[in-house]
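Every number in this text was worked out from the coordinates using simple rules, so none of it is lab data. This is a predicted model, so every value here is computed, not measured. FYI the Cβ positions are ideal-geometry reconstructions off the backbone, even for glycines, and counts take in every protein chain you see.
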Amino acid sequence: MVNTTPPNDDEKWMRHAIQLAQRAYTLGEVPVGAVLVHQDQVIGEGWNLPINDHDPTAHAEIMAIRQGGQTLENYRLLETTLYVTLEPCVMCAGAMIHGRIGRIVYGASDAKTGAAGSLIDILRHPGMNHQPIISGGVLAEECGTLLSDFFRQRRAEKKAARLAARAQES
């Protein structure tokens, strides 16, 4: 069995990931945060930056994984646990498999793009050469509320912009 962060620390580290997600929120990014832990130490962290960085791969998980590899000076992230506020997408799940991350813990499920069981289950696919331990739903309500609030705000801003444009046309 892979030596990973004990489950009783899951809420502690997910709260850290939520703080990182709030950084993305303040930048106008979809509020997703991720923290990579090895032997109870943060070795990588990230928050969504694809809009600001003009980079479709700048997801929170990818940022944390890149930083973790640099910290450990290894592309294999054995015996690590990745905490992420939203169920990983296919791209991020692929990076987790290639990095050999031991355990993935996520908050909110993602019915549209979730690759840990909601839409598709890349992480447990029998053909993959690595299958991490997966725990979902940790602080799911808090993680989901942050996302819901963000998208509610975005819709309100778009509606206000449309109304302002119509008023100028009149």
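Of A164, Q153, N129, whose Cα points farthest to the positive end of the dipole of the range 121-170 (charges on the beta-carbon: +1 Lys, Arg; -1 Asp, Glu; origin at the Cα centre)? Checking the options against the dipole of the range 121-170, the answer is A164.
Can you work out the FRET efficiency for the pair F151 and V42, with r the C-beta to C-beta distance and R0 = 25 Å, to the nearest 0.05?
0.35
For the range 56-124, relative contact order (Cα pairs under 8 Å, six or more residues apart, normalised by length) works out to 30 percent. Got a sec? Which residues in the range 57-93 would a label at S135 touch, if it sits 7 Å along Cα→Cβ and we count backbone N under 13 Å? Only 81-84 pass the distance filter. Can you give the relative contact order of the range 62-170 as a percent, counting alpha carbon pairs under 8 Å and 6+ residues apart? The value is 22 percent. Highest mean first, the peptides 130-142, 57-69 sorted by other C-beta atoms within 10 Å per residue fall in the order 57-69, 130-142. In this simple spin-label approximation, T26 and V90 carry label points 7 Å from Cα along the Cα→Cβ vector, and these lie 3.5 nm apart. Given that just one value was derived from the coordinates, which of (1) 17.0, 68; (2) 20.0, 63; (3) 20.7, 66 is Rg and Dmax of the Cα atoms in Å? From the options (1) 17.0, 68; (2) 20.0, 63; (3) 20.7, 66, the structure gives (1). Dipole size of the chain about its Cα centre, with +1 on Lys/Arg Cβ and -1 on Asp/Glu Cβ: approximately 520 debye, rounded to the nearest 20.
Could you tell me the calculated FRET efficiency between D55 and Q19, based on Cβ-Cβ distance and R0 = 22 angstrom, to the nearest 0.05?
0.50
Each Lys or Arg adds one and each Asp or Glu subtracts one; over the other residues with Cβ under 13 Å from the Cβ of A17, this totals -4.
Projected label points at Q70 and M128, each 7 Å from Cα along the beta carbon direction, are separated by 2.5 nanometres.
Label-to-label distance, E142 versus T113, with points set 7 angstrom from Cα along the beta-carbon direction: 2.4 nm.
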